[in-house]
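So the structure is just underneath, and the comments pick up after that.
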Amino acid sequence: MKLVITCEHGGNAIPLEYKPYFLDTSVLETHKGYDLGALDVFNYLKPIADYSKFSTTSRLLIELNRSTDNKNLFSVYTKTLTIKQKQDLINTYYNDYRQAVTKYIASIINNNLSVVHLSIHSFTPVLNNTIRDCDIGLLYDSRRIQEKQYAMPFKKNILALNPEYRVRFNYPYLGKADGFTTALRQQFKNNYIGIEVEINQSFAINNKMPEKLKHVLKQSIINF
């Protein structure tokens, strides 16, 4: 079994040619612009991965964690781009990222091995005046037995190391919702396990997550 770790929303960078579309740069510093602390966790876990990839391009330019037919592929800042500009973004930032990960996974599965794919994200602790009652969310497709068999001991491992963490399944989002792991499940019916790891941004300080939390996640993965 091979471990793949990715981070789709690791930064809030906007290429120079598209900066005129982001006159209000303050939005790039919010949870809308990137996943605060996610890249820090990714970098901490990267040494244990067989393959890893991350992006530091803002999700407000193009959303790497959505399908190309999703209405939220482009944000309110880039919906007005020309068809050519949008296609250029898809061909470069979107396809370059997703195809590289997909190619590696395919190479492993074609050799009759299994892949565990952990997609690292973080979420804002309050959304629409609603407090999210969770520290770590593990998102998976409950209809897939292999994913359920991975997610449950993953949660147990986390709680064994720190029982104070509030760990929830498919929260604050559903694992079967449109996303990179969902697309990969559709392509790889067998031997693919996709788990999105969502971490509460309330832990983050200066775009860094606590060493204790990162250590717990790392050991929980290693202990399988």
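The values are calculated or read from the model by the stated rules, or taken from the named source; none is laboratory data. Keep in mind that this is a model prediction, so the values were computed, not measured. No Cβ is skipped: glycine too gets one built from the backbone with ideal geometry, and neighbour counts run over all protein chains shown. Remember, those area values only see protein heavy atoms, side chains included, never the ligands or the DNA or RNA. Shrake-Rupley method; radii C 1.70, N 1.55, O 1.52, S 1.80 Å.
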Per the filter on the range 65-96, residues buried (at least 19 other Cβ atoms within 10 Å of the Cβ) and closer than 13 Å to residue 184 by Cα are 65, 66
Residue pairs within 7 Å by beta carbon, gap of at least six or interchain, first lying in the range 76-88 and outside any loop (DSSP other than H, G, I, E, B), second surrounded by 15 or more Cβ atoms within 10 Å (Cβ to Cβ), listed first then second, are 86/74
Picking from 45, 28, the residue that is touching a helix residue (DSSP H, G or I) at 6+ places or on another chain (Cβ under 7 Å) and not acidic (Asp, Glu) would be 45
Within the range 1-20, restricting to residues that are among the hydrophobic types (A, V, I, L, M, F, W, C), at pLDDT 95 or above and not in a strand (DSSP E or B), the one that is least open to solvent (accessible area, probe 1.4 Å) is 14
Regarding the range 128-135, can at least one residue be identified that is open to solvent by 60 Å² or more (accessible area, probe 1.4 Å) and in a helix (DSSP H, G or I)? no
Taking the range 136-159 and keeping residues surrounded by 21 or more Cβ atoms within 10 Å (Cβ to Cβ), part of a helix (DSSP H, G or I) and of a type in the set (A, V, I, L, M, F, W, C) leaves 151, 154, 158
In the range 175-205, anything modelled with pLDDT under 95 and within 10 Å of residue 137 (Cβ to Cβ) is listed as 175
Report yes if some residue within the range 21-30 is buried (at least 22 other Cβ atoms within 10 Å of the Cβ), closer than 14 Å to residue 58 by Cβ and among the aromatic types (Phe, Trp, Tyr); otherwise report no. no
Going through the range 101-122 in order, the residues found to be part of a helix (DSSP H, G or I) and loosely packed, with under 13 Cβ neighbours inside 10 Å are 103
Exactly one of 184, 217 is assigned to a helix (DSSP H, G or I), at negative phi and touching a Leu at 6+ places or on another chain (Cβ under 7 Å), and that residue is 217
Counted residues in the range 37-63 being in a loop (DSSP other than H, G, I, E, B) and crowded, with 20+ Cβ neighbours inside 10 Å come to 8
Pairs returned, first residue in the range 179-199 that is more than 21 Å from residue 122 (Cα to Cα), second residue that is aromatic (Phe, Trp, Tyr), beta-carbon separation under 8 angstrom, 6 or more apart or interchain, are 185/192
